[in-house]
Structures are given as structure tokens and as C-alpha cells.
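Below: the structure, in C-alpha cells.
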Amino acid sequence: MTALVSTARSKGRDRGAAVRVEGVSKRFRLYQERNQTLKAAMMRGGRATYEDFWALRDVSFEIPTGGVFGLIGQNGSGKSTLLKCMAKILTPDEGRITVNGKISALLELGAGFHQELSGRENVYLNGSILGLSRKEIDRKFDEIVDFAGLDQFIDTPVKNYSSGMYVRLGFSVAINVDPDVLLVDEVLAVGDEAFQRKCDEKFADLRDAGKTIIVVSHSLSTVRTMCDEAAWLEHGVVKEIGVPGLLIEKYVENTHVERVAAEGGGSRWGTGQARVEKVELLDEHGDPVLRVRAGAPATLRFHYETQGPIVKPVFGFGIHRIDGTHATGVNSRETIVPDRIEGTGHVDFAMAALPLVQGSYDVTVAIVDDSNLHTFDYRTKALRFDVGSGRPREAEGVFAIDGRWSFES
Ligand SMILES: Nc1ncnc2c1ncn2[C@@H]1O[C@H](COP(=O)(O)OP(=O)(O)OP(=O)(O)O)[C@@H](O)[C@H]1O
Ligand SMILES: [Mg+2]
């Protein structure tokens, strides 16, 4: 939920940096009291046992004043913890953080909102937490409500708000206090298209005014297009800092193996009379790979095995981006349907230029009969592969549109 935080203008020594993180470590204690016998507890003298867990370890870097800075990293890598330390919701166990100017934050959904109070009352409550006087809030109130697009609902208790409405109100308050440094954790994806565009405009305004925005996002394309610079966190340590394009490329490459091992399991159903035992992605040399470049030649190979003869099988596959977006799906019905197959073999789908943009994708595969009455095998997440940057070098969305630019003046 939306946490709004502000600290007074800090007397930052360093004019160049908006935020300076110096040797910051943050520890959480994980208590292990459950499933302990009374005797064991008494033996310990009533003290709880715990394990230290370092969510951040000796993190140092500077975020320059002006522009948009991104934080990327896998779940649990410490991104939110770092933002909370910057916002002073958490105190580091070691090191320190200096923020130059007034900081405002939009953190997890809903924190900072009082459930029983109306949107109006929450604007006043949050505004005052952010250091605005009642008069100042009066002055900004209409703009805040207008930006959030919640006129109709402003007197409704926020407990009845949708998550999108929460974010809109939280974001609207957070930016309308005129922060020098704005922290945004992931929440933007919750708003609808129109609201996202308004946020983008607001970010552009803040940026033009020389303010600093720090965003955490799992959307690598958002980070690539929005940010001037980004840091990659891994297990509480800064792995690398750099321009988003290159950083993301390394990040995607580096995190593949670990991810597949961690997630793996898709689902599977069907009669089993024919099965796709393995899906491979082949590069232009015909070698199996887990990563290809956008726009490079690639082939999907489906190895099958049947129990007895299968008449007129149809092979199909779908590709989903790992956030679940269905990128594409095709089948072989209108092209090749063999009269029958038996035993083992493989079916290839060759692409002269892989039309997907940089990112990670899952392949779903199916074998059905020609009438579509029988599903022999249906396997989701049969293969996960990564697409690295290639041609076009900069592309957004899901697929790389093929076309030719021309110019006439
Ligand atoms: N209050 C807490 N008590 C104990 N452990 C915590 C607490 N807050 C965070 N952690 C742990 O610290 C680690 C970092 O968490 P954090 O929320 O910063 O990760 P994140 O990078 O934001 O992940 P995500 O992408 O899932 O949002 C995780 O292992 C998390 O379980
Ligand atoms: Mg987080």
C-alpha cells in the first residue's frame, strides 16, 4: 500500500549527488520460535533463537542529481529494502545514506493510507505527514484529486478502492508535494494505460526541473526507456552500475540458469498417445542454445514419441513472455499434416529472423489430431529461452516489427 514519506531538506554536503549510499548494510533477524518444545525454550532461558539475514551488504554508490535512476534485480535482491532505507522507513545497521533535498516516496501498495478514512481525509493525512500545512494542502487539493482522476470517489473510504485507485491517489500526493527526489517502487504497473501516460509526463516534468527519480521495476523495457542509469542488485550486493541497455543485457544473460533451475515446472495434460519429449531452440548453426539474438535465424525443434501410429497429427506451439503475455501461437494444420507418424522423430519450425524483442520467453507445445477432438499432449513451459539484443537494437513491446523506414522532405 502507498507509503508516503518525507524528510526535511537535508543539509547535504555533496551538491553533485542526489542520494549517496555509503557502506550500507541492513540485517533482518529471522526468528525460529515455531515448532520448539517448551523444554527447548526453557533450556535457552526463554530467549528466542534467530538467524541473521543480510538483505543489503556493504552497498555504496551515488545517484546523481537530475534524471531517472533504475534499480533492477531478482525477487528478494534487496531493492525495496534499499528504497526504504533511503526513505528512512528502515534504518541501516551499518553505513549511511545522505539525501540532498526533499524526498517523497511511493512504496508498496497501500501503506500509509488509513483504510477507514475517505480519499479526501487521506490526502490531508498524508499531506501533513509529508510536511504540508493545511493551507498548502487546500491549495493543492484539486490538483491532487484531478490528477488521480478520483473526483467521484474522493469521499469514499479507501478500503473500497481498487489497487489502481490506491496507486493513483498515492502517486498524486507523492508528486504534488514537489519532491527533489522521488522514489517509486514497482507500483506504476498497477495503473491503467492512460494513467501511466500521465505519470510519464509528470516524470518528464520533474526531470526537466532537474529533479531526481529513482524507480524499481521488473519491467526491463520500462527501465531501458525511462532510465538514464541503473544499478543491478544481487543478493543484497550491487553487482553493476551502468547505462540501462548494456546492464540489462548482462542481467538477462546472467540470470538465466538460476531462474530455470528455480522455477522449472509447467503443467501437462493429454492422452499421451503422442508426446513432445523435448523442445529445443537451435541457432543458425543448428546447435541447441538457450539464448539467441533478436532478429537472428532460429529454429524450434519439437522431439516427439508416440505409442503406436498417430493419424494426421497437428503440432502447435505458443510463446509467452515470462510475465504471462501471450506473444504468439501457431500450428501446422494449414501447412504440413503428415498422414501418420509412429515412434520417434522431430518437427522443426524455422524462422529466418526471430521477431521477438529482448526478454525471456516460455514455449508451450501441443500435439492434437486433425479434427482437434483429441489432445495427445499439451505442455506449458516446455522450454524457457532468452532473447538478447540484436536487430533492431532498440525495440519495445513483444515482437520486433519488420519494415523499412524511408524519408522524404
Ligand atoms: N521485514 C523483514 N523481515 C525479514 N526479512 C525481510 C524483511 N523485509 C525484507 N526481508 C528480506 O530481505 C530480502 C530483500 O527483500 P526486498 O523486499 O528488499 O527484495 P526486493 O528486491 O524488493 O524483491 P521483490 O523484487 O520481490 O520486490 C528478502 O529475502 C526478504 O525476504
Ligand atoms: Mg520489492
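The values are calculated or read from the model by the stated rules, or taken from the named source; none is laboratory data. Note that the structure is a prediction, hence the values are computed from the model and not measured. Backbone-built Cβ (ideal geometry, glycine too); neighbour counts: all protein chains shown. These accessible areas exclude ligands, DNA and RNA; they are computed on the full protein's heavy atoms, side chains included. Shrake-Rupley method; radii C 1.70, N 1.55, O 1.52, S 1.80 Å.
Would you tally the residues in the stretch 178-224 being of a type in the set (A, V, I, L, M, F, W, C) and either away from ligand 1 (no atom under 16 Å from the Cβ) or on the phi > 0 side of the Ramachandran plot (or both)? Lay out the reasoning, then the answer.
Pass one, the stretch 178-224, residues of a type in the set (A, V, I, L, M, F, W, C): 181-184, 187-190, 194-195, 199, 203-204, 206, 209, 213-216, 220, 223.
Filter once more, so that each one left must be either away from ligand 1 (no atom under 16 Å from the Cβ) or on the phi > 0 side of the Ramachandran plot (or both): 181-182, 194-195, 199, 203-204, 206, 209, 213.
Number of matching residues: 10.
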Problem - Among residues of the stretch 294-326, those that are open to solvent by 40 Å² or more (accessible area, probe 1.4 Å) and farther than 27 Å from P355 by Cα, counted - result: 5
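Working only within the stretch 74-92, note down all residues that are among the polar types (S, T, N, Q) and touching a Cys at 6+ places or on another chain (Cβ under 8 Å). Break it down into steps so the answer makes sense when it comes.
As a first pass, look at the stretch 74-92 and keep what is among the polar types (S, T, N, Q): 74-75, 77, 80-81, 91.
Within the stretch 74-92, just T91 meets the criteria.
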Practice task
Give the residue that is nearest to I63 (Cα to Cα), with candidates limited to residues of the stretch 73-97 that are in contact with a strand residue (DSSP E or B) (Cβ under 6 Å, 6 or more places away or on another chain) and part of a loop (DSSP other than H, G, I, E, B).
Solution key: A87
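Would you be able to say whether some residue in the stretch 358-366 is assigned to a loop (DSSP other than H, G, I, E, B) and either outside the structural domain of I319 (by TED's automatic domain parsing) or over 24 Å from T255 (Cβ atoms) (or both)? Quick ask: steps written out before the conclusion?
Quick first cut of the stretch 358-366, residues assigned to a loop (DSSP other than H, G, I, E, B) only: 358.
Next, from what is left, pick out any that are either outside the structural domain of I319 (by TED's automatic domain parsing) or over 24 Å from T255 (Cβ atoms) (or both): none.
No - not one qualifying residue is present in the stretch 358-366.
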Practice task
Confirm whether N100 is within 17 Å of E22 (Cβ to Cβ) and either touching a strand residue (DSSP E or B) at 6+ places or on another chain (Cβ under 6 Å) or more than 16 Å from ligand 2 (Cβ to nearest atom) (or both).
Solution key: yes
Fill in the blank from the handout: Within the stretch 150-184, residues over 18 Å from E121 (Cβ atoms), open to solvent by 10 Å² or more (accessible area, probe 1.4 Å) and of a type outside the set (S, T, N, Q) come out as G164, D178, D180
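How many residues, within the stretch 338-348, are outside any loop (DSSP other than H, G, I, E, B) and over 33 Å from the mean Cα position of the chain (by Cα)?
In the first step, residues of the stretch 338-348 are kept if they are outside any loop (DSSP other than H, G, I, E, B); the result is 340-341, 344-348.
If we keep only those that are over 33 Å from the mean Cα position of the chain (by Cα) too, we end up with 340-341, 344-347.
Going through the stretch 338-348 one residue at a time, the tally reaches 6.
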Fill in the blank from the handout: Taking the stretch 51-75 and keeping residues open to solvent by 70 Å² or more (accessible area, probe 1.4 Å) and either within 10 Å of ligand 1 (Cβ to nearest atom) or touching a Leu at 6+ places or on another chain (Cβ under 6 Å) (or both) leaves E51, F53, W54, N75
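Listed here are the residues, each with its yes/no results for (1) closer than 30 Å to T255 by Cα; (2) surrounded by fewer than 20 Cβ atoms within 10 Å (Cβ to Cβ); (3) modelled with pLDDT of 90 or more.
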site	(1), (2), (3)
T328	yes, yes, yes
I341	no, yes, yes
G345	no, yes, yes
D348	yes, yes, yes
P355	yes, yes, yes
D370	no, yes, no
T380	yes, yes, no
E408	no, yes, yes
Problem - Total residues in the stretch 303-337, condition within 21 Å of the chain's Cα centre (by Cα) and either outside the structural domain of K278 (by TED's automatic domain parsing) or assigned to a loop (DSSP other than H, G, I, E, B) (or both) - result: 4
Practice task
With respect to D200, determine if the residue is free of Cβ contacts under 8 Å to residues at least 40 places away in the same chain and either surrounded by fewer than 23 Cβ atoms within 10 Å (Cβ to Cβ) or among the hydrophobic types (A, V, I, L, M, F, W, C) (or both).
Solution key: yes
Completion exercise
Taking the stretch 119-142 and keeping residues touching a Ser or Thr at 6+ places or on another chain (Cβ under 8 Å) and surrounded by fewer than 17 Cβ atoms within 10 Å (Cβ to Cβ) leaves I129, G131, R134
Handout entry: Number of the exception - V145 against (1) away from ligand 1 (no atom under 16 Å from the Cβ); (2) part of a strand (DSSP E or B); (3) touching a Lys or Arg at 6+ places or on another chain (Cβ under 9 Å)
Key = (2)
Completion exercise
Within the stretch 220-250, the count of residues that are surrounded by 16 or more Cβ atoms within 10 Å (Cβ to Cβ) and among the hydroxyl-bearing types (S, T, Y) comes to 2
Fill in the blank from the handout: Selection over the stretch 251-293 where residues are at pLDDT 85 or above, hydrophobic (A, V, I, L, M, F, W, C) and open to solvent by less than 80 Å² (accessible area, probe 1.4 Å) yields a count of 7
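Does D146 fit the bill of being in the same structural domain as K26 (by TED's automatic domain parsing) and open to solvent by 60 Å² or more (accessible area, probe 1.4 Å)?
Working: in the same structural domain as K26 (by TED's automatic domain parsing): yes; open to solvent by 60 Å² or more (accessible area, probe 1.4 Å): yes.
So D146 fits the description; yes.
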